[in-house]
1. Being without any contact (Cβ under 8 Å) to a residue 24 or more places away in the chain and more than 15 Å from the ligand (Cβ to nearest atom) narrows it down to one of HIS108, HIS49, so name that one.
2. Taking region 52-69 as the region of interest, how many residues are within 7 Å of the ligand (Cβ to nearest atom) and closer than 14 Å to VAL79 by Cα?
3. Could you pull out the residue among GLU78, GLU58 that is of a type in the set (Asp, Glu) and closer than 12 Å to ILE6 by Cα?
4. Restricting attention to region 70-85, report how many residues are away from the ligand (no atom under 13 Å from the Cβ) and either among the β-branched types (Val, Ile, Thr) or surrounded by 15 or more Cβ atoms within 10 Å (Cβ to Cβ) (or both).
5. Just name the residue that is surrounded by the most Cβ atoms within 10 Å (Cβ to Cβ) out of those in region 2-27 that are of a type outside the set (Lys, Arg) and closer than 30 Å to ALA127 by Cβ.
6. Return the residues of region 61-84 that are part of a loop (DSSP other than H, G, I, E, B), at pLDDT 95 or above and within 18 Å of MET43 (Cβ to Cβ); say none if nothing qualifies.
7. Of all residues in region 1-39, which are farther than 20 Å from MET68 by Cβ and touching a His at 6+ places or on another chain (Cβ under 8 Å)?
8. For region 31-46, give me the residue count where each residue is part of a loop (DSSP other than H, G, I, E, B) and within 16 Å of the ligand (Cβ to nearest atom).
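The values are calculated or read from the model by the stated rules, or taken from the named source; none is laboratory data. Computed from a predicted structure; not experimentally measured. Neighbour counts run over all protein chains shown; Cβ positions are idealised from the backbone, glycine included.
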Amino acid sequence: MAVRGIGIDVVKVERISQSLGRFGARMEKRLFTADELAYCRRMKDPLPHLAARFAAKEAASKALGTGMSAGVAFRLLEVLQPGGQQPRLRFHGAALERFEALGCSLSHLSLTHDGGFAIACVVLEGA
Ligand SMILES: CC(C)(COP(=O)(O)OP(=O)(O)OC[C@H]1O[C@@H](n2cnc3c(N)ncnc32)[C@H](O)[C@@H]1OP(=O)(O)O)[C@@H](O)C(=O)NCCC(=O)NCCS
């Protein structure tokens with residue numbers, strides 16, 4: 001397997017809090033899937049977890065080399081975390097097409113949040 005892409009992103013939790021506070025449910029739906037929202041809402045403070053997912057989506061868009069353009073959008077980059085496991089990415093639509101066009105077959109994701117910041121790192125691999 002060879003590395004086909006890497007991406008990293010850092011997000012201020014307060015920025016996500018302000019965006020969601022200002023634009024509410026419409027913004028939540030634009031950024032996050034129902035499963036992501038359900039997971040984060042189970043937490044005592046959902047905001048660091050939402051910020052980490054926002055960072056993961058931006059990091060994934062960088063690993064794809066598109067950023068949030070060429071049809072790649074936040075909801076097409078989904079963070080899977082059933083609970084207590086290594087988080088994973090699932091690509092949908094244009095993001096999946098780009099993932100496959102790059103020859104990728106595997107992705108790796110790491111998340112962290114502390115001190116008001118969330119960071120995500122993504123590595124894409126392919127044969
Ligand atoms: C690519 C993208 C994800 C970068 O995110 P950002 O938060 O603006 O900027 P960051 O500081 O995290 O990253 C900047 C670096 O990304 C890199 N970058 C830019 N486009 C890139 C791409 N297509 N692929 C990989 N990396 C890219 C740049 O090298 C840049 O560093 P530089 O300006 O010093 O060269 C951004 O262009 C984007 O599409 N953001 C979505 C914005 C949005 O829709 N926000 C609304 C949400 S509420």
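1. HIS108
2. Going through region 52-69 one residue at a time, the tally reaches 2.
3. Within the list GLU78, GLU58, the selection yields GLU58.
4. Just the residues of region 70-85 that are away from the ligand (no atom under 13 Å from the Cβ), to begin with: 78-85.
Those left that are additionally either among the β-branched types (Val, Ile, Thr) or surrounded by 15 or more Cβ atoms within 10 Å (Cβ to Cβ) (or both): 78-81.
Count: 4.
5. Step one: filter region 2-27 for residues of a type outside the set (Lys, Arg), giving 2-3, 5-11, 13-14, 16-21, 23-25, 27.
Narrowing the set further to residues that are closer than 30 Å to ALA127 by Cβ leaves 2-3, 5-9.
Details: ALA2: 9, VAL3: 12, GLY5: 20, ILE6: 13, GLY7: 22, ILE8: 15, ASP9: 19.
For region 2-27, the residue satisfying everything is GLY7.
6. Once the filter is applied, which keeps residues that are part of a loop (DSSP other than H, G, I, E, B), at pLDDT 95 or above and within 18 Å of MET43 (Cβ to Cβ), region 61-84 yields only GLN81.
7. Hit for region 1-39 is TYR39, nothing else.
8. Of the residues in region 31-46, the ones part of a loop (DSSP other than H, G, I, E, B) are 32-33, 42-45.
Now restrict to residues that are within 16 Å of the ligand (Cβ to nearest atom): 32-33.
Residues meeting the conditions: 2.
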